[in-house]
Amino acid sequence: MSRVVSLLLGAALLCGHGAFCRRVVSGQKLCFADFKHLCYKVAYFHELSSRVSFQEARLACESEGGALLSLENEAEQKLIESMLQNLTKPGIGISDSDFWIGLWRNGQGQTSGACPDLYQWSDGSSSQYRNWYTDEPSCGSEKCVVMYHQPTANPGLGGPYLYQWNDDRCNMKHNYICKYEPEINPTAPVEKTYFTNQPGDTHQNVVVTEAGIIPNLIYVVIPTIPLLLLILVAFGTCCFQMLHKSKGRTKTSPNQSTLWISKSTRKESGMEV
């Protein structure tokens, strides 16, 4: 339950406007909340020649300690949808391009009833969550699964070809999404380089600075702000009162001295008379 809430919160922060809104960059490993939550990476290639097959995507994720995306529930599905929506830079369109996820069929499903049950997650997840597009999976020679991302395509019977799943031939070329387990006890910001190049790419890479303990401090400091403000107000009030009393004593001292001198002068004058 706590993971579902965390994923929903991550989607809200990602999509929201303001200081906490986060831009998704191709090849960037993006973690949510703190080290207790999962990390993801969206690998998007604008050029078709740079996209990869299911097996190539799987190996690329595993080479970095992750796995092709598995989805546990609708909350995680919505989080990934938010990441894909934020992938587009302002004023620059993103071409139609599906994304490999880690679901695939290991076996020959001969009947439509048995085929959907043969799909499994490549990372060993036991999740039964599915988000198939209408009339999918079609099975046959299509054994590997993509998440639809075709914003310019005309809607089909199941609606727009966005974010729902479709089985495809494993040798087709697509983008992909990786998933990583939480890092254990991060203690300092670490700069990591994530290469987005594949055969035929421009050999560019994205450098991402990941903060370990810094984001955690934010969650500790923010709740203490009201207490700090209360202490600051109390301290200021105390200082003001002390300053006011000090000014009062300074003002009365000259009067008292004048009164004493005046009395002394009258006594001396009386004696002379």
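Below 12 angstrom from the Cβ of ASN171, what's the summed charge of the other residues (Lys, Arg +1; Asp, Glu -1)?
Computed value for this residue: +1.
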The whole-number value in µm²/s of the Stokes-Einstein translational diffusion coefficient for the stretch 43-179, with Rh from the Kirkwood sum over alpha carbon pairs at 20 °C and 1.002 mPa s, is 140
Grab the other residues whose beta carbon is less than 13 angstrom from that of MET147, score K and R as +1, D and E as -1, and report the net. -4
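Mean separation of Cα pairs under 8 Å and 6+ residues apart, divided by the residue count of the stretch 43-179: what relative contact order is that in percent?
36
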Take the residue pairs LYS29/LYS78; LYS29/LYS143; LYS78/LYS173 and return only those whose Cα atoms are more than 22 Å apart. LYS29/LYS143; LYS78/LYS173
Placing each pseudo-label 7 Å from Cα in the direction of the beta carbon, VAL233 and MET172 end up separated by a distance in nanometres of 6.1
What length, rounded to one decimal in nm, is gained on full extension from LYS245 through to GLU74, with 0.36 nm per residue of separation minus their alpha-carbon distance? 55.1 nm
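Please label the shape of the stretch 47-90 as rounded, prolate or oblate, based on the square roots a ≥ b ≥ c of the eigenvalues of the alpha-carbon gyration tensor (a/c under 1.5 means rounded; beyond that, a/b larger than b/c means prolate, else oblate).
Details: a/c = 2.37, a/b = 1.19, b/c = 1.99.
Judged from the Cα gyration tensor, the stretch 47-90 comes out oblate (a/c at least 1.5, b/c at or above a/b).
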Size of electric dipole in the stretch 43-179: Cβ of Lys, Arg +1 and of Asp, Glu -1, about Cα centre, debye, nearest 20: 160
What percentage of the solvent-accessible surface of the stretch 43-179, computed with a 1.4 Å probe over protein heavy atoms, is contributed by carbon and sulfur atoms? 48
Within 10 Å, count the other beta carbons around each residue, average over each peptide in 117-129, 149-161, and list them highest first. 117-129, 149-161
Label-point separation, GLN150 to SER63 (7 Å along Cα→Cβ), nm: 2.9
If you count only protein heavy atoms with a 1.4 Å probe, what accessible area per residue comes out for the stretch 43-179, rounded to a whole Å²? 45
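The values are calculated or read from the model by the stated rules, or taken from the named source; none is laboratory data. From a predicted model like this one, the values you see are computed outputs, not experimental measurements. Please note: Cβ atoms are built from the backbone with ideal geometry, for glycine as well, and neighbour counts cover all protein chains shown. We work out accessible area using only protein heavy atoms, side chains counted, and drop any ligands, DNA or RNA first. Shrake-Rupley method; radii C 1.70, N 1.55, O 1.52, S 1.80 Å.
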